Amino acid sequence: CIPTVISKTARPGSTSASGISMEWTLPSPISYVRVVGGPPSEEVLYAGTQSGTVYTIQLGRRFPVKSVVHSSGINE
């Protein structure tokens, strides 16, 4: 089943048709999301925040990983 990612807040979440859901907490609201892909249930996306930090979020993992920190916010 294909998961759906809901974002644009500081707490993005993912819900799949099978009822599995996850939520991650980031320190700043998301301004940009890029889906990278990956194996089923382990897809990866990059989330750029208004504070300038880019996080790698992997579906199926509980914690996002801080990837890059910029001095200015990430824009679309």
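A DSSP coil position with no more than 10 other Cβ atoms inside 10 Å describes the following trypsin sites (Lys or Arg not before Pro) in the stretch 24-76: ARG62. Only protein heavy atoms count here; on that basis, with a 1.4 Å probe, TYR46 has an accessible area of about 100 Å².
The values are calculated or read from the model by the stated rules, or taken from the named source; none is laboratory data. Note that this is a predicted model, so its numbers are computed, not measured. Quick reminder, even Gly has a Cβ in these numbers, built from the backbone with ideal geometry, and neighbours come from all protein chains shown. In case anyone asks, the SASA skips ligands and DNA or RNA and just uses the protein heavy atoms, side chains included. Shrake-Rupley method; radii C 1.70, N 1.55, O 1.52, S 1.80 Å.
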